[in-house]
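The values are calculated or read from the model by the stated rules, or taken from the named source; none is laboratory data. A quick note: this is a predicted structure, and the numbers were derived from the prediction, not measured. All Cβ positions, even for glycine, are placed from backbone atoms using ideal geometry, and neighbour counts span all protein chains on display.
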Amino acid sequence: MTRIISGLAGSLVLTVPDAGTRPTSDRVRESLFGALDAAGLIDNAVVLDLYAGSGALGLESVSRGAASADLVEKSARAAAVAGRNARAVGTAVPGAPIRVHRMSVEAFLRTSTTLFDLVFVDPPYDLADGELHGILELLAARLAPDAVVIVERAARSGAPTLPATLTRTREKTYGDTTLWWVGAHA
């Protein structure tokens, strides 16, 4: 069972797509959001959740005080689930826009004009490092000053190759999952 851990929508149970996604575990999300809260990175943040699946990462952010969230998911089934979850969280957190975009991450990044403060990149584990590098290059142009990007991958995948404009600032491994914190060069 996936749920919103804390905030205005805390304990709300989220629906998870029946196939094709790999939800971030509650344990990993709880640790990640504890660190993001402690660093003051969620309050009023403009959030982007790429490869959103159920939308749990972006929706947790809104529950905890983010200004808005854009959830990008190519799969029609997963995007429909993310939409239902977004409506449920939107009821608990009125006034924080939550938008679900059913399109590829590449298409979204090429057409969006928004600058994001906090971005979650949780691609399928089989996404090649070169493809991830290309996504991060596109994403770099959509980052606000002092933005933080969280890249989630299988620990066995190794660190993502970053474009020259981004720097890895920390990493944390939880079992077979590693989170890399990435920021833009100052």
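For the range 40-62, the set of residues classified as surrounded by fewer than 24 Cβ atoms within 10 Å (Cβ to Cβ), touching a Leu at 6+ places or on another chain (Cβ under 6 Å) and free of Cβ contacts under 8 Å to residues at least 60 places away in the same chain is empty.
If I filter the range 60-73 for residues that are within 15 Å of the chain's Cα centre (by Cα), closer than 18 Å to LEU179 by Cβ and not in a loop (DSSP other than H, G, I, E, B), do I get at least one hit? Among the residues of the range 60-73, at least one is within 15 Å of the chain's Cα centre (by Cα), closer than 18 Å to LEU179 by Cβ and not in a loop (DSSP other than H, G, I, E, B), which makes the answer yes.
Scan the range 65-86 residue by residue and report those that are aliphatic (A, V, I, L, M), touching a helix residue (DSSP H, G or I) at 6+ places or on another chain (Cβ under 9 Å) and within 12 Å of GLY53 (Cβ to Cβ).
Initial filter on the range 65-86 (aliphatic (A, V, I, L, M)): 66-67, 69, 71-72, 76, 78-82, 86.
If we keep only those that are touching a helix residue (DSSP H, G or I) at 6+ places or on another chain (Cβ under 9 Å) as well, we get 66, 69, 71-72, 82, 86.
LEU71, VAL72, ALA82, listed by residue number.
Mind telling me which of the residues VAL89, VAL121 ends up being of a type in the set (A, V, I, L, M, F, W, C), in contact with a helix residue (DSSP H, G or I) (Cβ under 6 Å, 6 or more places away or on another chain), surrounded by 17 or more Cβ atoms within 10 Å (Cβ to Cβ) and touching a residue at least 60 places away in the same chain (Cβ under 8 Å)? Result: VAL89 is the single residue among VAL89, VAL121 that is of a type in the set (A, V, I, L, M, F, W, C), in contact with a helix residue (DSSP H, G or I) (Cβ under 6 Å, 6 or more places away or on another chain), surrounded by 17 or more Cβ atoms within 10 Å (Cβ to Cβ) and touching a residue at least 60 places away in the same chain (Cβ under 8 Å). Between ALA147, ALA141, ALA184, ALA155, which is small (Gly, Ala, Ser) and out of contact with any strand residue (DSSP E or B) (no Cβ under 6 Å at 6 or more places or on another chain)? Answer to the check: ALA141.
For ASP176, the test of being modelled with pLDDT under 95, closer than 20 Å to VAL28 by Cα and surrounded by 13 or more Cβ atoms within 10 Å (Cβ to Cβ) is failed.
Among the residues of the range 143-165, those identified as surrounded by 13 or more Cβ atoms within 10 Å (Cβ to Cβ) and of a type in the set (D, E, K, R) are GLU152, ARG153.
Among the residues of the range 24-51, which ones are assigned to a loop (DSSP other than H, G, I, E, B) and at pLDDT 95 or above? Quick ask: steps written out before the conclusion?
Applying the first criterion (assigned to a loop (DSSP other than H, G, I, E, B)) to the range 24-51 yields 24-25, 39-45, 51.
ALA39, GLY40, LEU41, ILE42, ASP43, ASN44, ALA45, TYR51 - these are the residues of the range 24-51 that are assigned to a loop (DSSP other than H, G, I, E, B) and at pLDDT 95 or above.
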